[in-house]
Amino acid sequence: MAILRVRDLSTTFDIGSQVVTAVDKISFDVEKGKTLGIVGESGSGKSVTSLSIMRLLPVPMGQSTGQIFFEDTDILSLPVEDMLKIRGYKISMIFQEPMTALNPVHTIGQQLMETCHLHFPKMTKEQTFKKSVKMLEKVGIPAPEKRINEFPHQLSGGMRQRVVIAIALSCEPDILIADEPTTALDVTIQAQILDLMKELQKKNGMSIVFITHDLGVVAEMCDDVAVMYAGRVVEQAKVEELFAKPRHPYTHALLESIPRFEFERKSKLQTIEGMVPALADLPEGCRFGPRSTFEHKEESYKVRPPMKEISEGHFVEWCECCQKGLEKKLSEVSL
Ligand SMILES: Nc1ncnc2c1ncn2[C@@H]1O[C@H](COP(=O)(O)OP(=O)(O)OP(=O)(O)O)[C@@H](O)[C@H]1O
Ligand SMILES: [Mg+2]
């Protein structure tokens, strides 16, 4: 069952000289108790998507249209005061940049305990303190009973991110949106935090939207994956299916760029040439065409390729030129 259904979500920014579209009519579901990974390179619209769900876009420049159903409520059309009852309670977010999420003039303990108190008002002060210390311990903060009295600036970047994660998780939200939550952390701490998220998911049936560049983490954490390219979802499937049978050339290129141990050391790591096109000059039609080496007809840049369900739950933005090129490339490889 889907707990969050995003339908035709578009987000634009008025940058003065023009209005740019950062997210262009995307749709996806987040299943209850499951993890949806959102992958795609820098600038593809992952953070804008999560800020749109949280309704935290800068006003008045950022505007979203479409629908975002949390259970049966379209949160995009909710009055601000009703959104306050959802944000931080039902849906909570770990931001890419931890410092923006912490208040510099309060100790981390005050911030953590305040969150705990808001969510669990029946707890005594002592219980709240204990829960906060335990949370800090769980995210790998050493000497938490001491550290709890420190201010954000006294902590390293990695520590701050762990505090932010502790705050977001202590709300025990129905949906956690984690935007590159562990990129700044070293691998052991990263593993610990991923385990903690999984533990809470198991305990509370929490759903997670996990945004990352790291396909290894996707394989480990996610049930479903949405691949974004230039503001659109170009492919979506169950994680095993996407890794085994990618059908969009961009997904293909992404998977090819993962280093593999079984390859000879000499073999070169594939990289995807070129860059995501600038928002100001995105075609309405196929956006990956200019980046791919595949021949594209003029027409394919004019009309948006439809989403095609190629097998149950596996959706691909279907550009005939991309598909023809990919097929040709694959047949050459297998020769
Ligand atoms: N406040 C804003 N005003 C104007 N454009 C913006 C704003 N915020 C984001 N954008 C643009 O929207 C596009 C998508 O940005 P977004 O931050 O969602 O990318 P991302 O996929 O999260 O990238 P990264 O992996 O680097 O975090 C980018 O081109 C970005 O420049
Ligand atoms: Mg981002």
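Taken together, the values in this text are just the output of simple stated rules run on the coordinates, not laboratory data. On a predicted model such as this, the values are computed, not experimentally measured, just so you know. No Cβ is skipped: glycine too gets one built from the backbone with ideal geometry, and neighbour counts run over all protein chains shown.
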Sorted on mean Cβ neighbours within 10 Å (highest first), peptides 182-194, 106-118, 229-241 come out as 229-241, 106-118, 182-194
Express the C-alpha Rg of the stretch 102-171 as a ratio against the empirical globular expectation 2.2 N^0.38 Å, rounded to two decimals. 0.98
Lone cysteines in the chain, defined as no other cysteine's Cβ under 4.7 Å from theirs: which are they? CYS116, CYS171, CYS222, CYS321
I'd like the orientation of helix 108-119 relative to the chain: the angle between its Cα long axis and the longest Cα principal axis, in ° from 0 to 90, rounded to 10. 80 degrees
Amide H contacts under 5 Å for GLU317, restricted to residues at least 5 apart in sequence or on another chain and with H modeled in the peptide plane, are GLU235, LYS308
Given Cα positions, please report Rg to Rh for the stretch 70-229, the hydrodynamic radius being the Kirkwood one. 0.96
Placed amide H near ILE3: partners under 5 Å, 5+ positions off or other chain: VAL30, GLU31, LYS32
Protection proxy (average C-beta count within 10 Å per residue), highest first, orders 148-157, 27-36 as 27-36, 148-157
Sorted peptide list for 281-289, 78-86, 248-256, 195-203, criterion being average Cβ within 10 angstrom, highest first: 248-256, 281-289, 195-203, 78-86
Among THR183, PHE315, ASN103, the residue whose Cα sits farthest towards the positive end of the charge dipole of the chain, when +1 is placed on the Cβ of each Lys and Arg and -1 on the Cβ of each Asp and Glu, is ASN103
Give me the net charge for the shell around ALA280: Cβ to Cβ below 14 angstrom, other residues only, Lys and Arg +1, Asp and Glu -1. -3
Cα lying deepest toward the dipole's positive end in the chain, options MET197, ALA22, THR73, charges on Cβ: MET197
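Please state the equivalent ellipsoid semi-axes for the stretch 196-254: what are the square roots of 5 times the Cα gyration tensor eigenvalues, largest first, in whole Å?
23, 12, 10
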Checking the cross-link filter: which aspartates and glutamates have an alpha carbon closer than 20 Å to that of LYS146, excluding same-chain neighbours under 8 positions apart? GLU114, GLU126, GLU137
Net dipole in debye of the stretch 1-115 [+1 Lys, Arg Cβ; -1 Asp, Glu Cβ; about Cα centre; nearest 20]: 160 debye
In sequence order, what are the phi-derived ³J(HN,Hα) couplings for the stretch 145-159 according to the Karplus relation 6.51 cos²θ - 1.76 cosθ + 1.60 with θ = phi - 60°, rounded to whole Hz, with x for glycine and proline? 5, 8, 4, 4, 8, 8, 8, x, 5, 7, 9, 6, x, x, 5
Once each part is reduced to its C-alpha centroid, what is the distance from the stretch 1-52 to the stretch 194-238 in angstrom? 14 Å
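Count the net charge of all other residues whose Cβ sits under 11 Å from the Cβ of THR212, scoring Lys and Arg as +1 and Asp and Glu as -1.
Computed value for this residue: -3.
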Project the alpha carbons of the chain onto their principal axes and report the range along each, largest first, in whole Å. 67, 51, 39
Treating only Lys and Arg (+1) and Asp and Glu (-1) as charged, each at its beta carbon, one finds that the stretch 162-265 has a dipole about its Cα centre, in Debye to the nearest 20, of 100 debye
Table column - 3J(HN,Hα) (Hz), the stretch 229-234, Karplus curve with 6.51, -1.76, 1.60, x for Gly and Pro: 9, 6, x, 10, 7, 9
Using the Karplus curve 6.51 cos²θ - 1.76 cosθ + 1.60 with θ = phi - 60°, what ³J(HN,Hα) values do you get for each residue of the stretch 125-141, in whole Hz, with x for Gly and Pro? 4, 5, 4, 4, 4, 4, 4, 5, 4, 5, 5, 5, 5, 5, 8, x, 8
Cα→Cβ-extended label distance, 7 Å offset, between ASN149 and SER42, nm: 4.1 nm
Given H placed on each backbone N at 1.01 Å, which residues far from VAL23 in sequence or on other chains put an amide H within less than 5 Å of it? THR11
Nearest 0.05, what FRET efficiency do ALA278 and ASP74 give at R0 = 30 Å with Cβ-Cβ as r? 0.45
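Any chance you could run the full-extension gain for GLU309 through HIS117? It's 0.36 nm times the residue separation minus the Cα-Cα distance, nm to one decimal.
Gain on stretching GLU309 to HIS117: 64.6 nm.
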With the cut-off at 18 Å, tell me which of the pairs LYS131/LYS203; LYS46/LYS202; LYS302/LYS328; LYS46/LYS90; LYS134/LYS203; LYS32/LYS202 have Cα atoms farther apart than that. LYS46/LYS202; LYS302/LYS328; LYS46/LYS90
If every Lys and Arg gets +1 and every Asp and Glu gets -1 at its Cβ, then about the Cα centre the chain yields a dipole, in debye to the nearest 20, of 700 debye
